[in-house]
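Pasting in a structure now, in structure tokens, and then I'll have a few things to ask.
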Amino acid sequence: MLNSSSRLRRAVRGGLRRRPSAAMMVAMAALFVALSGGAYAAVNLPAHSVGAAQLKTFAVTNPKLASNAVGSRKIMPGAVGFYRVNRSEVQLRVNGTCTSGNQAVTSVNISGGVTCGSISPTESDTGAGTQKTIAPGSTATSLASYQLAGGSAYLVQATPSIEVSGIGISGNHVTVTCTLAAGPAVTATVTRSVTIHVDSNGDTEYASLPLSVTAPSSTGAISATLGCTQVASGGSGTPTVAAQATIYALGINPATTTSTAAVRH
């Protein structure tokens, strides 16, 4: 006769040899799927299934980004500013100015500061001159005058074209003296003379007289004037002496260079 412990061992061995029921198999399968679902989701996420809401703040760091993964289309407009760029490689916005009216920007440094230099000289003139008769004697006849703006020195030039003509004037020696003056209160002047000899035929004679002077810089307006006198001698008759001229002015700006650093707030 079997005791109670023997009967229990037999029942256990018999139960282990019994096949699991259909209900048990379904329950086991459901448990397996439930336990492996997290691993499946980690390696088989559908496209576009992870958005901003699924990411923790600062969850994506630089080591998590592949090389060249972030292009220009991935950066929001205005997201990269002064403190986020490599200032040794990126030209920052120009933030300097030239403080003088006769200067222009010649270069821009990488921080946006500018270097300023003198602008090109300005050229002007009085236009085509009108021929005027120079009266004999010591009183100068004005051929041209010019008003120049202040703030700059000027190289002023003029070349009067002189004509000696008349009837029966052979043998005359005509000396024409011209003075070019330019400047404000302190005026720079240059005076030159030319002697024109009329041949025995009494033909019309021509000559020119180049003049050049540098007018000093002034805050006020600068005046330039050209006048000539003439004296004839040694011949018969009275020659007619006429001349015309144009005054040319070239502004000479100071050769200054200044640098202005960019200001960032």
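The values are calculated or read from the model by the stated rules, or taken from the named source; none is laboratory data. Computed from a prediction, not measured in an experiment: that's the story for all the values here. With ideal geometry, Cβ positions are generated from the backbone for all residues, glycine too; neighbour counts draw on all protein chains shown.
Taking the options Gly150, Gly71, name whichever one is modelled with pLDDT under 75 and not basic (Lys, Arg).
Gly71
One line per residue, one yes/no per condition, for (1) of a type in the set (A, V, I, L, M); (2) closer than 18 Å to Ala188 by Cβ; (3) in a loop (DSSP other than H, G, I, E, B):
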{"site": "Gly127", "(1), (2), (3)": "no, no, yes"}
{"site": "Ser138", "(1), (2), (3)": "no, no, no"}
{"site": "Thr141", "(1), (2), (3)": "no, no, no"}
{"site": "Leu155", "(1), (2), (3)": "yes, yes, no"}
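Does Tyr206 fit the bill of being buried (at least 16 other Cβ atoms within 10 Å of the Cβ) and assigned by TED's automatic domain parsing to the domain that holds Ala149?
Criteria not met by Tyr206.
Further question on the same structure: Thr219 fails exactly one of the following numbered conditions: (1) under 21 Å from Thr159 (Cβ atoms); (2) under 39 Å from the mean Cα position of the chain (by Cα); (3) β-branched (Val, Ile, Thr). What is the number of that condition?
Thr219 satisfies all of (1) under 21 Å from Thr159 (Cβ atoms); (2) under 39 Å from the mean Cα position of the chain (by Cα); (3) β-branched (Val, Ile, Thr) except (1).
Being of a type in the set (Gly, Ala, Ser) and surrounded by 14 or more Cβ atoms within 10 Å (Cβ to Cβ) is the filter here; which residues of the stretch 171-192 pass it?
Gly171, Ala181, Ala182, Gly183, Ala188
Go through the stretch 122-163 and give me each residue that's more than 27 Å from Val194 (Cα to Cα) and surrounded by 15 or more Cβ atoms within 10 Å (Cβ to Cβ).
Thr122, Leu148, Gly151, Ser152, Ala153
Can you run down the residue pairs with Cβ atoms below 9 Å, 6 or more apart or on separate chains, where the first is in the stretch 148-166 and within 30 Å of Ser236 (Cα to Cα) and the partner is aromatic (Phe, Trp, Tyr)?
Going by the 9 Å Cβ cut-off, the qualifying pairs are Thr159/Tyr248; Ser161/Tyr206; Ile162/Tyr206; Glu163/Tyr206; Val164/Tyr206.
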